[in-house]
Amino acid sequence: MFNVNDIRACFPALSGKVYGKPLVYFDNAATSQRPRTVLEAADRLSVVSNANIHRAVHRMADDATQAYEAAREAVRDFIGADSTGEIVFTSGATAAMNLAAFSFCERFVSEGDVIVVSAVEHHSNIVPWQLAAGRKGASLRVIPVNDDGTLDLVDLDRLLDGPVRIVAVAQISNVLGIRNPVEKIVRAAHERSIPVLVDGAQGIVHEKTDVKKLGCDFYAFSGHKIYAATGTGILYGRRELLEEMPPYMGGGEMVGRVTFGKTTYAPLPLKFEAGTPNFIGQATFVPALEFAGKMFAPDAVEHTDNLASYMYDRLVSHPGIKLFGECREGRIPLFSFTVDGVHHEDLALVLDKMGIAVRSGQLCAEPLMDRFGVTGMVRASLLPYNTVEEIDYFMDSLDRAIKMLK
C-alpha cells in the first residue's frame with residue numbers, strides 16, 4: 001500500500017525548514033528532489049569509481065564504465081527502446097534537443113523546408129529549431145493552443161502539408177500541466193513519413209512512457225526531473241535516423257579512426273558522446289529510475305491523481321485566481337496561475353517566506369505568455385511525495401499573501 005509518509009522519508013530535503021517553517025516543495029517541474037538511494041549512489045561512486053570511462057584498463061575505470069553503461073541499460077528498459085545504441089547520454093533535455101535539432105537538420109533539412117512545433121513549447125524545443133532553420137534556410141510552423149490549454153489540431157493536416165521534415169512537440173506542457181495528444185500527432189505525421197521528436201521533460205516522471213507505443217522517433221528528457229542527479233539527460237533516437245545523422249560535437253571517445261586527412265566515427269551511441277561525460281551523474285539513473293518505477297504503481301498513481309484533482313478544485317474555485325490550462329482531463333499536478341493586481345514575482349517571494357517553494361516568471365515559455373496576454377505566472381508543481389495537507393497550507397498561505405500584497 002502507498003504510504004506518502006514512507007515515501008517522504010526517502011527524501012532528506014523534504015524534512016528541511018525554510019525561514020523556520022517546514023519546507024513545502026512545489027517546484028518539482030523545475031527540479032525534483034532526490035531520494036537517499038540516489039544521493040548515496042553519487043557519494044559512493046565519487047569515492048570508489050571516480051575514474052574516466054571506456055578508456056583505461058585499471059579497475060576503477062572499469063567499475064565506472066560498468067556503472068555508466070548499467071545506467072544506459074536502465075534507461076533503455078525504462079522507456080522501452082530496442083537497444084542501448086539508441087540511448088544517447090547528454091547533460092539534460094536542453095542538450096538532447098539541441099543535439100537532435102542540429103544533427104537532424106544538418107542531414108535532412110534544406111532551404112525551403114518546414115519544421116513544426118507547438119505553441120506550448122519550452123524555449124528548449126523552440127530555439128534549437130530556430131537556430132537550425134536559420135542555418136538551413138528553413139522555417140517554423142506552429143500548432144496553436146486553445147483557450148483551455150489544449151492543442152488546436154483542427155488544421156493539423158494543413159500544418160503537415162508541404163516540405164515538413166520534422167515535428168517537435170512536448171508530451172506535457174511545463175506551463176499548463178496538460179497531456180498533449182502526442183500519439184495522434186505522431187500518427188498524422190507518420191502518415192506523411194514525417195519523424196517526430198517528443199520533449200519528455202515533464203512527461204517522463206508523470207506517465208509510464210514506452211517510446212515504441214508512443215511511436216516517436218526521438219524522445220528527450222532530463223535526469224534531474226526524475227530524481228537523478230543534475231547535469232544528466234537522454235536523447236532516444238531511432239537507430240536508422242541516428243545512423244544517418246552527423247555528430248553534434250567532435251573530440252575524444254566519439255571517433256573510430258583519426259588522421260589529419262579524415263576521421264571516422266564510433267558506433268552508436270558513442271558517436272554523439274564526445275569528451276568526458278558526467279559519468280557519476282549518469283550512473284544515478286539506476287536508483288532514480290528504480291524509484292520512479294515504483295511511483296507508477298496503481299496506488300501511487302491514484303495518490304498523485306487525487307493531488308491533481310484536489311488542487312485543481314481548490315484553485316478554480318478561488319475567486320481571485322486565474323488558472324491557465326483550465327482543462328481538467330488529462331492533467332498532471334502542475335498549475336500555473338495569476339492573481340489580478342498582484343505581481344507573480346512578489347507572490348512567489350512572499351510564499352517563500354512562508355516556507356513554500358514555487359516558480360514564477362515566464363517559465364521558459366515566452367510565446368505562450370504572449371498567447372495568454374501575461375508577463376509571467378506562478379507555477380506550483382507536485383510529485384507523489386507531496387500531500388493534501390501541503391496543498392491546504394499552500395492555499396491558506398496564498399490567501400494571506402494576496403491580502404498582504406493587495
The extension gain from A13 to A30, computed as 0.36 nm times the residue separation minus the Cα-Cα distance, is 4.6 nm
From highest to lowest solvent-accessible area (probe 1.4 Å; ligands, DNA and RNA excluded), S173, S193 read S193, S173
On the accessible surface of the chain, probed at 1.4 Å with all protein chains in place, carbon and sulfur together account for a percent value of 51
Labelled set (1) 27, 58, 14, 0; (2) 18, 36, 26, 13, 5, 1; (3) 27, 55, 18, 0; P(r) over Cα pairs in 20 Å bins from 0, in percent computed from this model equals the value at (3)
For the stretch 213-292, using Cα atoms only, the Rg and Dmax in Å read 14.8, 48
In the stretch 205-281, the chymotrypsin sites (Phe, Trp or Tyr not before Pro) that sit in a DSSP loop and have at most 12 other Cβ atoms within 10 Å of their own Cβ are F260
Links exceeding 28 Å between C-alpha atoms in this model, out of K208/K353; K213/K294; K21/K403; K17/K403; K213/K322, come to K208/K353; K213/K322
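Indicate, rounded to the nearest 5 percent, the antiparallel portion of the DSSP beta bridges found entirely in the chain.
Percent antiparallel among DSSP bridges in the chain is about 60.
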Charge tally for neighbours of I7 with beta carbon under 12 Å away, counting Lys, Arg as +1 and Asp, Glu as -1, is +1
The correct ranking of R257, R331 by accessible area at 1.4 Å, largest first, is R257, R331
The relative contact order of the stretch 83-240, taking Cα pairs under 8 Å that sit 6 or more residues apart, comes to a percentage of 29
Computed over the Cα atoms of the stretch 50-93, the Rg and Dmax in Å are 11.7, 33
SASA check, S124, accessible area w/ 1.4 Å probe, all protein chains in place, rounded to nearest 10 Å², comes out at 10
Calculated from DSSP helices alone, with each H run of at least 4 adding -39500 (n - 2.57) and the total divided by the residues of the chain, [θ]222 nm to the nearest 500 comes to -11500 deg cm²/dmol
Relative contact order as a percentage, the stretch 174-219, C-alpha pairs under 8 Å and 6+ apart, gives 44
Once normalised by the length of the chain, the mean sequence separation of its alpha carbon contacts under 8 Å that are 6 or more apart gives a contact order in percent of 22
Once the in-chain neighbours fewer than 8 apart are removed, the aspartates and glutamates whose Cα is under 16 Å from K225 read D27, D199, E207, E290
As straight-line cross-link partners of K262, the qualifying lysines (C-alpha separation under 17 Å, not fewer than 8 residues apart within one chain) are K271
Here the net charge surrounding E106, from other residues whose Cβ is less than 9 Å away from its Cβ (Lys, Arg +1; Asp, Glu -1), is +3
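The values are calculated or read from the model by the stated rules, or taken from the named source; none is laboratory data. Predicted, not measured: the structure shown is a model, and the values here were computed from it. Here the Cβ is made from the backbone with ideal geometry for all residues, glycine too, and neighbour counts use every protein chain on show. Please note that ligands, DNA and RNA were not included when accessible areas were found on the heavy atoms of the full protein model with its side chains. Shrake-Rupley method; radii C 1.70, N 1.55, O 1.52, S 1.80 Å.
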